[in-house]
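Working notes, structure below.
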């Protein structure tokens, strides 16, 4: 009975060792304490909370990365817009009324630039129109190719065609009114952007960057975002550029003979473009500051995520060196147990035969 009792105890001990060895072998294989949260009690709740925080930060990082991609494309488009405004500001400084050829050349180039500028305002990233406000699925400028014949351009051309002695200020006021208008049939911008109930007054697009933190980054095609336009302006750098281009496109070489009235109108164009260049530069600078802020927030999320991941690992993962050592020790114990069982079994059989 004594040998049988010893054998039972050895079998039970061997079974416990086999279970422990199986657990240690799996831990060495996958590096985890166990497959379920029950295996890491009482720290299971902490592990769940840490993983939830990591997931939130991953989402914030993803939205920030996509936003930075959008702003990068928008910056490129605005850079080209600034180049166009700068180009025609320079040309306007040379238009003193002495060269009909230059006037004709600038007018033709301005008409082409109107189209390019419209397409720049329709810039896209990943299927979204970047300057369309929250109406990202539709063109901010529905007919970019037809801007030169739009209601705005036609009204400006009509006003410029009426330039005569002593009315340069009135013509300039008419071009300002046309470029400022949000009326259907006049404005080149979409119905959404031109509606006071929607795009004309809606808040800028913003990205959720952290808990309770949203960062504005959107720039709409028809109004300033962070910039403030100064001087004789529509209040929008994009409208001011469109106004300047449309005015230059409507000039006729024969108007140079008007002298001061012609040069006064060109000076108005020049001043408007100068204002637009400054405001656009301010807009780009503000957007650049936003990009730096978002990058810093993203980096903070990355740094915190590393720390959180280490904490999760401390809860859910095993110390590999220690676990391998314990596995080898358990295997040695199990082999010794098997030898003991074999010895006791032989003694039991001898006693029975005797």
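Laboratory data are not the source of any read-out in this text; all were calculated from the coordinates shown. Computed from a predicted model, the values in this text were never measured in an experiment. Note: ideal-geometry Cβ built from the backbone for every residue, glycine included; neighbour counts use all protein chains shown.
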Going by Cα centres, the stretch 274-311 and the stretch 89-146 are how many Å apart? 29 Å
Kirkwood Rh, angstrom, the stretch 77-308 [1 / mean 1/r, Cα pairs]: 18.6 Å
In a GNM of the chain with a 10 Å cut-off on Cα contacts, which of 327, 81, 152 has the highest mean-square fluctuation? 327
In degrees, nearest ten, helix 168-180 long axis to first principal axis of the chain (Cα): 30 degrees
With the chain treated as a Gaussian network of Cα nodes joined by springs under 10 Å, which of 342, 275, 104 yields the largest mean-square fluctuation? 342
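As an exercise, use a Förster radius of 41 Å and the Cβ-Cβ distance of residue 315 and residue 293 to find the FRET efficiency, rounded to the nearest 0.05.
Details: r = 33 Å, r/R0 = 0.81.
Plugging the Cβ-Cβ distance into 1/(1 + (r/R0)^6) gives 0.80.
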Per 0.36 nm of contour for each residue apart, how much would the distance between residue 232 and residue 145 grow if the chain were fully extended, relative to their Cα-Cα spacing? 28.6 nm
Report, to the nearest 10°, how far helix 260-316 tilts away from the longest principal axis of the Cα atoms in the chain, using its own Cα long axis and a range of 0 to 90°. 0 degrees
For the stretch 189-259 and the stretch 41-57, what is the centre-to-centre distance using only Cα atoms, to the nearest Å? 46 Å
If you take the beta carbon distance between residue 49 and residue 200 as r and set R0 to 51 Å, what does 1/(1 + (r/R0)^6) give as a FRET efficiency, to the nearest 0.05? 0.70
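Relative to the present Cα-Cα distance, how much length would full extension add between residue 210 and residue 324 at 0.36 nm per residue of separation? Intermediate values should be presented prior to the final figure.
Details: separation 114, 0.36 × 114 = 41.04 nm, distance 4.10 nm.
Once the chain is fully extended between residue 210 and residue 324, it gains 36.9 nm.
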If neighbour count is taken as other Cβ atoms inside 10 Å, put 156, 297, 64, 59 in order from fewest to most. 59, 297, 64, 156
Build a GNM of the chain with springs between Cα atoms under 10 Å: which of 128, 109, 322 gets the top mean-square fluctuation? 322
Spin-label model distance (nm) - residue 304 vs residue 112, 7 Å beyond Cα toward Cβ: 5.2 nm
How far is helix 237-250 tilted off the main Cα axis of the chain, in degrees rounded to 10, range 0 to 90? 40 degrees
Which FRET efficiency, nearest 0.05, do residue 191 and residue 164 yield, Cβ-Cβ r, R0 30 Å? 0.25
Could you list 242, 248 so that the one with the fewest beta carbons within 10 Å of its beta carbon is first and the one with the most is last? 248, 242
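Going by how many other beta carbons lie within 10 Å of each one, how would you line up 103, 315, 54, fewest first?
Numbers: 103 22, 315 14, 54 19.
Ranking 103, 315, 54 by Cβ neighbours within 10 Å, fewest first, gives 315, 54, 103.
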